[in-house]
Amino acid sequence: MGIVNTVNTAILDPMLGWLILAGFSALWVALGWYWGRDSEQLDDYVLAGRRVGLALGTATVMATWVTSNTTMAAPQLALQMGIWGMIGYSLGSVGLFMFAPLARRIRRLMPGGYTSGDFVRLRYGNVAWRVFLLISLFYSLGWLVSMGMAGGILIHALTGIPYHYGMTVILSICVGYTLLGGLRAVIGTDFIQALLILAGAVIIAILAISEIGLETIHASVLEERPELLNLLMPASIMFLFNNLLFGVGEIFHSNVWWSRAFAFREGVGFKAYVLAGILWAPIPIVAGFIALATPALGLNVPAADMVGPMVAAKILGTTGAVLVLIMVFAALSSSLDSLLAATSILIVEDIYRRHLKPGASAAEMRAATARIILGLGILTWILCAPRPTTLAELLYFTGAFVASTIWPIAAGLFWRRANTAGAVTGMILGSAAGLYSYFAVGFYVAALVGAAVSMTCVIAATLLKPAQFNFADLQEVHPAELKSLRGPGGSA
Amino acid sequence: MIISTTAFAWLIGIALVLTIATPIILLALLLRDWRKEELW
């Protein structure tokens, strides 16, 4: 999740920027209220009633995976790493494909589950669960801070609106409609946001092709920066594999994707993740290739991460800049709302209910979720306010942590013999080795090393002392049923 | 090994066609789910 540099590249009048932000903010909040007006029950609020269909399911997976990075960093990568930069980015879709069978199995094994933490606790026990929670919450907070900061910085770069105002707007709007409508508001707005992102990317790409022409773009790059068209650029190929594993790790462990697996109607999860992967894959290429038009346009790019909006504005003028702002706002909102919803239920289920208040009823969990969404918004604002580059950079090395969860999760779901020792050592040693390689070698190997060490631990421990896990143990009593199971005044 | 103009055009062309088709696919699925009362 990249954070763009601050450069004086405001290409829109601030007043126009405010109008666009106000218009879309009002729309999201109104829709959030409308869709959430009947979400009084816990499952309706945090899992959209567990009946989400294929269309909304596919769109929410797609929109959530399109972060501000897909629209802003894909052109930057095309400018820095050429063809493989774009293709490497589009391989982020492999994580979605690979999660498809997991989503189906999660829904079948845990029809009443709430979080990825539930699975790790029931499958591997408390030690693995707490290690996993540390990794997952660290990653979620890093992603939230990174998105909040990206919002402030991008809105400032595009419109000149001060960082703190932009960051406050994006955070408060996402908190507002997620709070009002829960996961239904998130999924509903994700559908519209997906359409907006796609429309913006297509219009800019078509106009770039019709104004300049693909042959001219290719010829100009070949003349000025031929390395970008080189299919054997080693750094780019390394980036490609690391990005792939980082994406797989992010998706496999994060409750953002697990909560969708729980929320989708029976039979929808597999299809939604496969279709979302197919439809997401071309977006970084369509959004990214316009950066290759810079030589043909004779454009001087002061900061690589602003190349997308600069090319759009050069080709389309104000219309192009408006389109980019709408795309960026939609991309940021669709990721931030999902993170707020998924992290809040992770905290409520795995910390509040399992650590602090074991007898919490469904109604109490529903109320706690709303408070946590608000609290997460405030905490993110406090962390984003001083613009801490160090904190934002933390997300770069979460690659090591999240990649170390791939094997414990996948093996735990499908391999009866996978054991606790393998999962715990896999996550701890994988994270440590990945982190070491991050500093010793570079960011592009952290996820690769983390996943490899974790895989070795899981396989070796399982072969040495195979477990005999009963998958039926993953089914738990639903909080709404707890009351009826309690004795008079007793605990569950 | 430099990518040829034709391969480059094919790569961008296929990606663009798929991206154009995506909203149509999503809206068609939405209509289908709505008719079957399986939106959410």
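The values are calculated or read from the model by the stated rules, or taken from the named source; none is laboratory data. Keep in mind that what you see is a predicted model, and the values were worked out from it rather than measured. Cβ sites come from the backbone with ideal geometry, for glycine too, and all protein chains shown count toward neighbours. Note: areas computed on protein heavy atoms with side chains; ligands, DNA, RNA excluded. Shrake-Rupley method; radii C 1.70, N 1.55, O 1.52, S 1.80 Å.
In plain terms, the C-alpha convex hull of the range A:403-450 casts an average shadow of 2.9 nm² when viewed from every direction. Using C-alpha pairs under 8 Å with a sequence gap of at least 6, the mean separation divided by the residue count of chain A gives a relative contact order of 29 percent. The angle between the Cα long axis of helix B:5-35 and the main principal axis of chain B comes to about 0°, on a 0 to 90 degree scale.
Projecting the Cα atoms of A:P111, A:S90, A:G53 onto the charge dipole of the range A:14-128 (Cβ charges, centred on the Cα centre) puts A:P111 farthest toward the positive pole. Along chain A, the longest continuous region that contains none of the GluC sites (Glu not before Pro) in a DSSP loop with at most 16 other C-beta atoms within 10 Å is A:41-265.
I need the fraction of alpha carbon pairs in chain A separated by more than 28 Å, rounded to a whole percent.
Working: 61968 of 120786 pairs.
More than 28 Å apart: 51 percent of the Cα pairs in chain A.
Angle of helix A:14-36 to the longest C-alpha principal axis of chain A, folded into 0 to 90 degrees and rounded to 10: 30°. Annotation: amide H of B:I2 within the under-5 Å range of A:L231, sequence separation 5 or more or interchain, hydrogens built in the peptide plane.
Against the main long axis of the alpha-carbon atoms of chain A, helix A:307-316 sits at an angle near 50°.
This model, with +1 at the C-beta of Lys and Arg and -1 at the C-beta of Asp and Glu, gives the range A:324-374 a dipole about its Cα centre of some 180 debye. When all protein chains stay in place and ligands, DNA and RNA are ignored, the 1.4 Å accessible-area order of A:I206, A:I251, largest first, is A:I206, A:I251.
The spacing between the range A:90-127 and the range A:430-445, judged by their C-alpha centroids, is 26 Å.
Taking beta carbons within 10 Å but only from partner chains, what does the mean come to for residues A:46-53? Walk me through the numbers on the way to the answer.
Values: counts 0, 0, 1, 1, 1, 4, 4, 10.
So the per-residue partner count for this stretch is 3.
Sort the following peptides by mean Cβ neighbour count (other Cβ atoms within 10 Å, averaged over residues), highest first: A:407-418, A:18-29, A:336-347.
On the way: A:407-418: 21.2, A:18-29: 16.8, A:336-347: 27.8.
Result, highest mean first: A:336-347, A:407-418, A:18-29.
Descending by average beta-carbon neighbour count within 10 Å, the peptides A:279-290, A:371-382 line up as A:279-290, A:371-382, the highest first. In a reduced charge model with +1 at each Lys and Arg Cβ and -1 at each Asp and Glu Cβ, the protein assembly as shown shows a dipole moment near 1580 debye about its Cα centre.
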